[in-house]
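Student: Have a look at this one.
The values are calculated or read from the model by the stated rules, or taken from the named source; none is laboratory data. A quick note: this is a predicted structure, and the numbers were derived from the prediction, not measured. Neighbour counts run over all protein chains shown; Cβ positions are idealised from the backbone, glycine included. The protein model used for the area step is the full one, side chains on, heavy atoms only, and it has no ligands, DNA or RNA in it. Shrake-Rupley method; radii C 1.70, N 1.55, O 1.52, S 1.80 Å.
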Amino acid sequence: MLAQVDSAAVLGIDAYVVNVEVAAAPGVASFAIVGLPDTAVREAAERVRTALRSSQYKFPTNARLVVNLAPADVRKEGPGFDLPIALGLLMASGQIERGDIAQCIVVGELSLDGSVRTVSGVLPIALAAKAQGKTAVIVPEANAAEAAVVEGLTVYPVCSLAETVNLFLRPHERTAYPSRTDAWSPDHVVFDVDLSEVKGQMHVKRALEVAAAGGHNLLMIGPPGSGKTLLAKRCATILPPLTLSEALEITKIYSIAGLLPGDSGLMQHRPFRAPHHTISSAGLAGGGSIPRPGEISLAHHGVLFLDEFPEFDRRVLEVLRQPLEDGIVTISRAAANFSYPARLQLIAAANPCHCGFLGDSLRSCSCSSAQIAKYRARVSGPILDRLDIHIEVPRLRHEELLTNQTSESSSAVRERVSRARTLQLQRFAGIPVLNNAQMRPKDMRQFCPLSHEVQALLRSAIDQLHLSARAYDRILKLARTIADLDQSASIAVPHIAEAIQYRSLDRGK
């Protein structure tokens, strides 16, 4: 007898429907799973066998069992096929009726006692189910919240194989999970940290505001203890609230990576990722035999903070080139190419030299000029060119440390940032650009007209600082953002002058 159950699998950041075909025929007892299964899928045979017996169902012992996962030319991975395989076996062996499952997607991992474990990638699976015209999904109870954010899809949470079977045997007793399409409320996100907690460093806070307003990448350079990490951790608190489309994209990535918090629907806040400097290229960009998102993609629409920037392996830093330029990570494998979104804001922190005290007001630097040059050369010129803002973070003076005066809160800065971002969304309506940092050359020609006075100042800066073409573009984008913060329709000389001040490494040449 032949039975069919629809399931789904994740490929890259999206999912596709997999038809689980189960055939039970007389013959020598065997159990084969075909259709390019990976190790976890092949091991489903033993999990399903034991789970059926633990749930008081019979496992066909005198039959030749074949499970086909179609389409057969795409590799399947993960334990999410356990539940549909078990249902297919029960139907093929005549233990339960086929039921009305033609419009349903089933996913779930089985424990040996018959309980259903959580799986990753349920949100993209639910979105794929709706796109394919399915009306319902059966998912582990722990994954129901993320599936329920998809509008127009009925979600049935299950805790065990026996409960899943009851859905088919007693359709009148089915209980759907409450829809959570209204669960998105980014305006009510509460942060544990605030920009007002950082003393002094007003010029750095201004640079952070400019970076947040335009989506610009930023490098902070200063001695140990000057507050670089403290400032970076508060950058996410001044970014504008997530839009619904951004929240969906981030949640899909975290769902695929298995990092979505329990009982969570949509991600409510922008991610902040801070990997250690010993991370590998695969850990940063993503990888594996069947690639998974790396830290770059996990920071999508949020902040990627790289502390001790020059201490990262140079080859690891070079994988940042494509994401910072194109907003996407492409990983090539023999079987397929995988692309993950990577529209992030890079915040990096570095010491000015190997000992960390070059230019410090209290301690003298022990590095030679050759050592300083060697330390700075750990980060290539092309990577530095992709960092729009280079800002120096000096050691705080004692009067700044002892003061009780508080600075602006994150909410006040975030309000200005949000106003500037709103201007940019209106400006770029109808084109694939979300903020000033993403402007292409043709967009800059259209949206960054320059007066004669501004052009004269730029010519002088190019001659004196020996700016590259990319550095020139960065200054122009920064000036456009500074003008947006001033609610100015045109770029003026003060906007360009401030933008030039944010290229400290160019000024130091």
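Student: Between HIS172 and GLU318, what FRET efficiency follows from the Cβ-Cβ distance if R0 is 56 Å, with the result rounded to 0.05?
Tutor: E(calc), rounded to 0.05, equals 0.40.
Student: OK, next. Whole-Hz Karplus ³J(HN,Hα) for the range 448-462, in order, using 6.51 cos²θ - 1.76 cosθ + 1.60 and θ = phi - 60°, x for Gly and Pro?
Tutor: 10, x, 10, 6, 4, 5, 5, 4, 5, 5, 5, 4, 5, 5, 5
Student: Still on this structure: Take the Cβ-Cβ distance between ARG53 and GLU151 as r, set R0 to 35 Å, and report the resulting FRET efficiency rounded to the nearest 0.05.
Tutor: Efficiency for this residue pair is about 0.35.
Student: Something else: Could you run the Karplus curve 6.51 cos²θ - 1.76 cosθ + 1.60 with θ = phi - 60° over the range 11-28 and give me ³J(HN,Hα) per residue in whole Hz, x for Gly and Pro?
Tutor: 10, x, 9, 10, 10, 9, 6, 10, 8, 8, 9, 10, 10, 10, 10, x, x, 5
Student: Here is a follow-up. Does the range 368-509 come out rounded, prolate or oblate, given a ≥ b ≥ c as the square roots of the eigenvalues of its C-alpha gyration tensor, rounded meaning a/c under 1.5 and, failing that, prolate meaning a/b above b/c?
Tutor: Taking the square roots of the gyration eigenvalues as a ≥ b ≥ c, the range 368-509 is oblate.
Student: Same structure, new question: For the range 231-345, rounded, prolate or oblate, judged on the Cα gyration tensor with a ≥ b ≥ c (square roots of eigenvalues), a/c < 1.5 rounded, else prolate if a/b > b/c?
Tutor: Oblate.
Student: Which shape class applies to the range 1-117: rounded if a/c is under 1.5, otherwise prolate when a/b exceeds b/c and oblate if not, where a ≥ b ≥ c are the square roots of the Cα gyration tensor eigenvalues?
Tutor: Rounded is the answer for the range 1-117, as its axis ratio a/c remains below 1.5.
Student: Quickly estimate the mean residue ellipticity at 222 nm for the chain, helices only: each DSSP H run with n ≥ 4 gives -39500 (n - 2.57), and the total goes over all residues, rounded to 500.
Tutor: So the calculated ellipticity at 222 nm is -10500 deg cm²/dmol.
Student: Follow-up question, since we're still on this one. Quick one: length gained pulling SER332 to THR39 fully straight, 0.36 nm per residue minus the C-alpha distance?
Tutor: 103.3 nm
Student: Give me the one-decimal nm value for the distance between modelled label points at ASP486 and ALA373, 7 Å along each residue's Cα-to-Cβ direction.
Tutor: Modelled inter-label distance: 3.9 nm.
Student: Out of all DSSP beta bridges in the chain, what portion is antiparallel? Express it as a percent rounded to 5.
Tutor: Close to 50 percent.
Student: At R0 = 51 Å, how high is the FRET efficiency between ALA72 and GLN426 if r is their beta carbon distance? Nearest 0.05 is fine.
Tutor: 0.55
Student: Need the full-extension length gain, GLU97 to HIS277, defined as separation in residues times 0.36 nm minus the C-alpha distance. One decimal, nm.
Tutor: 59.2 nm
Student: Hey, what's the range 1-62 come to in accessible area per residue, 1.4 Å probe, Å²?
Tutor: Spelled out: the 1.4 Å probe surface of the range 1-62, per residue, equals 48 Å².
Student: Within the range 112-216, report the GluC sites (Glu not before Pro) that DSSP leaves as loop and that have at most 11 other Cβ atoms within 10 Å.
Tutor: For GluC sites (Glu not before Pro) across the range 112-216 that sit outside H, G, I, E and B with at most 11 neighbouring Cβ atoms in 10 Å, the list reads GLU151.
Student: Give me the accessible area of THR406, 1.4 Å probe, in Å² rounded to the nearest 10.
Tutor: Its accessible surface works out to 100 Å², give or take rounding.
Student: Can you run phi through the Karplus equation (6.51, -1.76, 1.60; θ = phi - 60°) for the range 301-311 and list ³J(HN,Hα) in whole Hz, with x for Gly and Pro?
Tutor: 6, x, 10, 10, 9, 10, 7, 6, 3, x, 7
Student: How would SER160, SER410 line up by accessible area, probe 1.4 Å, largest first?
Tutor: Largest accessible area first, the list is SER160, SER410.
Student: Assuming 0.36 nm per residue, please report the length gained on full extension of the stretch THR403 to SER111 beyond their Cα-Cα distance.
Tutor: Answer, rounded to one decimal: 99.3 nm.
Student: Solvent-accessible area per residue for the range 227-326 at a 1.4 Å probe radius, Å²?
Tutor: Accessible surface, normalised per residue, equals 36 Å².
Student: Of all the accessible heavy-atom surface of the chain, with the other protein chains kept in place and a 1.4 Å probe, what percent is carbon and sulfur?
Tutor: Reported share for carbon and sulfur atoms: 52 percent.
Student: Now, a different point. Roll a 1.4 Å probe over the protein heavy atoms and report the accessible area of GLU21 in Å², nearest 10.
Tutor: Roll a 1.4 Å probe over it and GLU21 shows about 50 Å².
Student: Additional query: Within a Cβ distance under 15 Å of LEU112, other residues only, what is the Lys/Arg minus Asp/Glu net charge?
Tutor: Local net charge: -1.
Student: Starting from the amide H of ILE328, placed 1.01 Å from N in the peptide plane, find each other amide H under 5 Å away whose residue is 5 or more places distant or on another chain.
Tutor: ALA342
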